[in-house]
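Computed from the coordinates by the stated procedures, all read-outs in this text should not be read as laboratory data. What you are looking at is a predicted structure, and each value in this text was computed from that prediction instead of being measured. Heads up, the Cβs are rebuilt from the backbone with ideal geometry, glycines too, and the neighbour counts pull from every protein chain shown.
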Amino acid sequence: MSKIQEGLFYTEDHEWVRLEGNTVSIGITDFAQSSLGDIVFVELPEDGSDVSAGDSFGVVESIKSVSDLYSPVSGKVLEKNTPVEETPELINQQPFDAWLIKVEVQNTDEVTKLMDSQAYSDFCNQ
Amino acid sequence: MTLLRTRLYEEHIKQNAKMVDFAGWEMPIQYSNLKQEALAVREKVGVFDVSHMGEFFVEGPDAEKFLDNLLPNKVQGLSDYKALYSPLCNEEGKMLDDLIIYKFNSSKFMICVNASNIDNDFNWLSKQVNDYDCKLTNQSQQFSLLALQGPKAEDTLLKLNIGEQIKDLQYYCFQEANDLLIARTGYTGEDGFEIFGPHQKIIELWQQFMELEVEPCGLGARDILRLEVCFPLYGQELTKELTPLDCGLKWTVKLDKENFVGKTALENYQPKYQLIKLTVDKGIPRIGYEIIQNEESIGKVTSGTMSVVLNQGIALGLIDKNKYCPKEKIYVKIRNRLFEANRQTKAFVQGGHK
């Protein structure tokens with residue numbers, strides 16, 4: 001059974017979003033990392049670039065597969081997680097600590113309309 | 001269409017295998033973890049169910065003559081109980097399949113073919129066998145097949161009392177023991193055995209391997225392992241659009257033989273393509289990605305993955321010989337960005353086979 005952390009928001013693409021003021025951190029869930037298997041490569045956008053809700057902002061690759069990362073929010077990338085890019089297995093080890101990017105959002109409604117932990121849990125059990 | 005299942009299906013489910021469609025068969029792609037499975041074969045021992053592959057028999061006085069006149073590789077003069085790898089070509093010299101033949105004696109051979117080509121190969125061989133005094137049978141339904149691979153494969157097999165003589169079995173040789181055909185062959189580059197036999201015996205063998213804690217390995221690990229040692233795969237590196245001379249199999253084409261199907265075409269053929277080995281320092285090359293030189297596409301990746309041994313992206317690629325300049329840099333296009341590729345002359349990983 002995969003872990004779900006309370007207090008975060010979740011997308012149907014199995015990403016988690018942490019909202020702090022106008023800043024969100026985005027990562028992939030325990031369910032996602034477990035489905036992918038060993039993650040061996042991560043490609044993330046550069047600091048300062050723009051992301052748009054619904055668009056791909058990077059990829060995670062396991063040995064056998066490539067998966068796009070979709071941004072649930074629009075805004076400017078404040079920071080990408082360089083240690084995770086260098087050591088992608090951190091995502092397998094600590095999916096909820098291994099954030100991928102931090103984004104400054106204009107509209108926090110984009111986040112609060114996402115699933116909460118309970119809704120995501122139900123979504124995974126469907 | 002309903003997927004076919006090997007007789008080991010229930011055993012795979014017991015081991016929590018993730019099953020996928022492979023050439024119309026429901027096969028285990030992985031059990032625990034891809035990396036763990038692949039490394040088990042490099043370091044210890046793993047076992048694969050490859051019962052989906054096909055087995056034909058050719059029996060009769062002309063068996064050897066028939067196969068020698070059919071295959072580009074040299075069958076005539078092969079010792080008894082030896083195996084031989086060969087492409088199978090049509091009259092145009094194009095590849096229909098790659099296969100391994102096993103010689104019991106000059107009037108009895110077994111042929112092991114790819115699962116996806118069983119019907120086509122059998123039809124093709126049936127047309128060719130007409131003029132020869134030998135009988136061709138498709139016995140694929142009668143056999144299950146396990147590949148036990150890794151440096152501890154011999155130790156593992158010796159524990160089962162199948163016969164001490166397997167210790168003396170050389171690479172690409174085989175023997176018969178208790179209804180089993182045990183060959184020192186494989187598709188991983190490591191030492192190991194491929195064991196053909198009746199279903200019930202093979203199921204029992206699988207169960208014994210599980211008790212001995214042999215790692216069950218899926219097709220995912222098999223693909224990484226074969227690519228690390230640069231073994232081509234029919235359908236990817238080898239296709240019916242190519243001759244063996246286009247894809248690194250020149251060593252299997254014996255043009256000094258009196259005749260074989262496709263010889264005339266191959267004698268006059270100038271290869272258009274070339275198979276190359278690539279590593280990249282960043283990113284993972286995948287099947288279908290373009291290979292670029294001087295801002296022009298010169299070919300495509302035919303197989304690519306992350307090597308679990310090297311922790312690096314590796315690939316085989318088919319390039320256009322006329323466009324390729326050996327001295328100029330080459331790149332792999334990954335998501336519209338160019339990543340410099342390093343051409344390798346040797347296999348990415350040196351397996352430990354006998």
- Query: What number, rounded to the nearest 500 deg cm²/dmol, is the helix-based mean residue ellipticity at 222 nm of chain B, given -39500 (n - 2.57) per DSSP H run of at least four residues and division by all its residues?
  - Reply: -5500 deg cm²/dmol
- Restricting things to alpha carbons, tell me how big the range A:9-99 is in terms of Rg and Dmax, in Å. 12.1, 38
- The rounded separation in angstrom of the Cα centers of the range B:291-341 and the range A:1-36 is 35 Å
- So the compactness index of chain B, its C-alpha Rg divided by 2.2 N^0.38 Å, takes the value 1.00
- Query: Along the positive direction of the dipole of the range B:54-140 (beta-carbon charges: Lys, Arg +1; Asp, Glu -1; about the Cα centre), which of B:Ile111, B:Ser79, B:Phe122 reaches farthest?
  - Reply: B:Ser79
- Item | Space enclosed by the convex hull of the alpha-carbon atoms of the range B:168-216, per residue, Å³ | 94 Å³
- Query: Residue by residue through the range B:170-187, which ³J(HN,Hα) values in whole Hz follow from phi under the Karplus form 6.51 cos²θ - 1.76 cosθ + 1.60 (θ = phi - 60°), with glycine and proline marked x?
  - Reply: 8, 4, 6, 10, 8, 8, 9, 8, 6, 6, 9, 10, 10, 10, 8, 9, x, 10
- Could you give me the percent of Cα pairs per 20 Å distance bin for the protein assembly as shown, shortest bin first, beginning at zero and ending with the bin that holds the maximum distance? 21, 48, 25, 5, 0
- At most 13 other Cβ atoms within 10 Å plus a DSSP loop assignment makes a site exposed; report the longest stretch of chain A without any exposed trypsin sites (Lys or Arg not before Pro). A:4-112
- Per-bin percent of Cα-Cα distances, the range B:72-214 [5 Å]: 2, 8, 17, 22, 20, 14, 9, 5, 2, 0
- Query: Between A:Glu85 and A:Glu104, how many nm apart are label points set 7 Å from Cα along the C-beta direction?
  - Reply: 1.9 nm
- Quick one: which residues, 5+ away or cross-chain, put their amide H under 5 Å from the amide H of B:Gln344? H built at 1.01 Å from N. B:Lys277, B:Leu278, B:Thr279
- Item | Sites matching trypsin sites (Lys or Arg not before Pro) across the range B:141-221 that sit in DSSP coil, with at most 14 neighbouring C-beta atoms within 10 Å | B:Lys159
- Task: First check a/c for the range B:205-297, with a ≥ b ≥ c the square roots of the eigenvalues of its C-alpha gyration tensor; if it is under 1.5, answer rounded, and if not, answer prolate when a/b is larger than b/c or oblate otherwise.
- Result: oblate
- Item | Around B:Leu99: net Lys/Arg minus Asp/Glu count, Cβ-Cβ under 12 Å | -4
- Message: Averaged across B:26-39, how many Cβ atoms of other chains sit within 10 Å of each residue's Cβ atom?
- Response: 2
- Task: Could you tally the net charge around A:Asp116, taking each other residue with its Cβ under 12 Å from the Cβ of A:Asp116, Lys/Arg +1 and Asp/Glu -1?
- Result: -1
- Task: Could you run the Karplus curve 6.51 cos²θ - 1.76 cosθ + 1.60 with θ = phi - 60° over the range B:26-31 and give me ³J(HN,Hα) per residue in whole Hz, x for Gly and Pro?
- Result: 8, 10, x, 8, 7, 10
- Putting +1 on Lys and Arg Cβ atoms and -1 on Asp and Glu Cβ atoms, find which of B:Cys134, B:Ala153, B:Gly192 reaches farthest to the positive end of the dipole of the range B:124-241. B:Cys134
- What dipole magnitude, in Debye to the nearest 20, does the protein assembly as shown give about its Cα centre under +1 on Lys/Arg Cβ and -1 on Asp/Glu Cβ? 1480 debye
- Query: Amide H to amide H, which residues 5 or more places from B:Leu145 or on other chains are under 5 Å from it, using H placed in the peptide plane?
  - Reply: B:Val50, B:Ser51
- Item | Ascending count of other beta-carbon atoms within 10 Å, so fewest first, for B:Val332, B:Val214 | B:Val214, B:Val332
- Task: For n ≥ 4 DSSP H runs only, could you compute -39500 (n - 2.57) per run for chain A, divide by its residues and tell me the 222 nm figure to the nearest 500?
- Result: -5500 deg cm²/dmol
- Taking only C-alpha positions in the range B:57-127, Rg and Dmax in angstrom work out to 11.3, 31
- Message: Please list, in order along the range A:17-30, the HN-Hα scalar couplings obtained from phi with the Karplus expression 6.51 cos²θ - 1.76 cosθ + 1.60 (θ = phi - 60°), rounded to whole Hz, x for Gly and Pro.
- Response: 9, 10, 9, 9, x, 9, 10, 10, 9, 10, x, 10, 7, 4
- Report the charge-dipole magnitude of the range A:5-126 in Debye, nearest 20, computed about the Cα centre from +1 at each Lys and Arg Cβ and -1 at each Asp and Glu Cβ. 100 debye
- Query: Taking the alpha-carbon centroid of each part, what is the distance from the range B:229-282 to the range A:60-107 in angstrom?
  - Reply: 42 Å
- Message: I need B:Val47, B:Val349 ordered by Cβ neighbour count within 10 Å, fewest first.
- Response: B:Val349, B:Val47
- Message: Skipping prolines and chain starts, which residues have an amide H placed within reach, meaning under 5 Å, of the one on B:Tyr273, given they are 5 or more residues away or on another chain?
- Response: B:Lys321
- Query: Counting Lys and Arg as +1 and Asp and Glu as -1, each charge on the Cβ, what is the dipole of the range B:50-108 about the Cα centre in debye, to the nearest 20?
  - Reply: 200 debye
